[in-house]
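What follows is a single structure, written as structure tokens, with notes after it.
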């Protein structure tokens, strides 16, 4: 797995975000949410800036398959919601390779955070899909995994990252 060993601190900007939300087990909710979201993409296409998933693990798994869009939409298809996502400071880990590696990569990231006693803010984690899977070979797909860590600049690393 090609997962960077040194996370970066980044400022994720505020974004207009349209999404389909599912609650429950990741293995069931993520594919279902993306399937529903993809069905609505033709209605939203001219306004898309990027694809991104937002999720929370605690107290229950909430998964949002969604799109960054240029502006607040006037109308949305049924089942699609809108929010102005505030953004903020995040620790960014980057995975290069198949989306099928994301569950394992995220598990490694959460394990690394726990091993280093790094607390998360009560905000959504982000998976930002940097390139297009329709035109990019699977092994070259880039996904940024962003964690809303508390005090990202004050973290002391005690355990190395093991990918």
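The values are calculated or read from the model by the stated rules, or taken from the named source; none is laboratory data. These numbers were taken from a predicted model, which means no experiment stands behind them. Methodologically, a virtual Cβ is constructed for each residue, glycine included, from the backbone with ideal geometry; neighbour enumeration extends over all protein chains shown.
Which residues, taken from segment 131-150, are assigned to a loop (DSSP other than H, G, I, E, B), out of contact with any helix residue (DSSP H, G or I) (no Cβ under 8 Å at 6 or more places or on another chain) and in contact (Cβ under 8 Å) with a residue 24 or more places away in the chain?
In the first step, residues of segment 131-150 are kept if they are assigned to a loop (DSSP other than H, G, I, E, B); the result is 131-137, 141, 148, 150.
When the remaining residues are screened for being out of contact with any helix residue (DSSP H, G or I) (no Cβ under 8 Å at 6 or more places or on another chain), the result is 132, 134-137, 148, 150.
Of everything in segment 131-150, those that are assigned to a loop (DSSP other than H, G, I, E, B), out of contact with any helix residue (DSSP H, G or I) (no Cβ under 8 Å at 6 or more places or on another chain) and in contact (Cβ under 8 Å) with a residue 24 or more places away in the chain turn out to be 148, 150.
Going by the conditions given, is residue 62 in contact with a helix residue (DSSP H, G or I) (Cβ under 7 Å, 6 or more places away or on another chain), surrounded by fewer than 19 Cβ atoms within 10 Å (Cβ to Cβ) and within 17 Å of residue 128 (Cα to Cα)? Lay out the reasoning, then the answer.
Values: in contact with a helix residue (DSSP H, G or I) (Cβ under 7 Å, 6 or more places away or on another chain): no; surrounded by fewer than 19 Cβ atoms within 10 Å (Cβ to Cβ): yes; within 17 Å of residue 128 (Cα to Cα): yes.
Judged against the criteria, residue 62 is not a match.
For residues that are surrounded by fewer than 19 Cβ atoms within 10 Å (Cβ to Cβ) and either in contact with a helix residue (DSSP H, G or I) (Cβ under 9 Å, 6 or more places away or on another chain) or in a helix (DSSP H, G or I) (or both), scanning just segment 89-100, find the one that is modelled with the lowest pLDDT.
Taking the candidates together, the pick is 89.
Scan segment 11-26 for residues that are within 15 Å of the chain's Cα centre (by Cα) and within 21 Å of residue 111 (Cβ to Cβ) and report the count. Show your work before the answer.
Taking segment 11-26 first, the residues within 15 Å of the chain's Cα centre (by Cα) are 11-22, 26.
Filter once more, so that each one left must be within 21 Å of residue 111 (Cβ to Cβ): 26.
Final tally of qualifying residues: 1.
Here's a check for you: in segment 105-121, which residue that is farther than 24 Å from residue 67 by Cβ, in contact with a strand residue (DSSP E or B) (Cβ under 9 Å, 6 or more places away or on another chain) and touching a residue at least 40 places away in the same chain (Cβ under 8 Å) is surrounded by the most Cβ atoms within 10 Å (Cβ to Cβ)?
112
Inside segment 130-150, can you point out the residues that are within 21 Å of residue 49 (Cβ to Cβ) and crowded, with 17+ Cβ neighbours inside 10 Å?
The answer is 141, 143, 144, 145, 146, 148.
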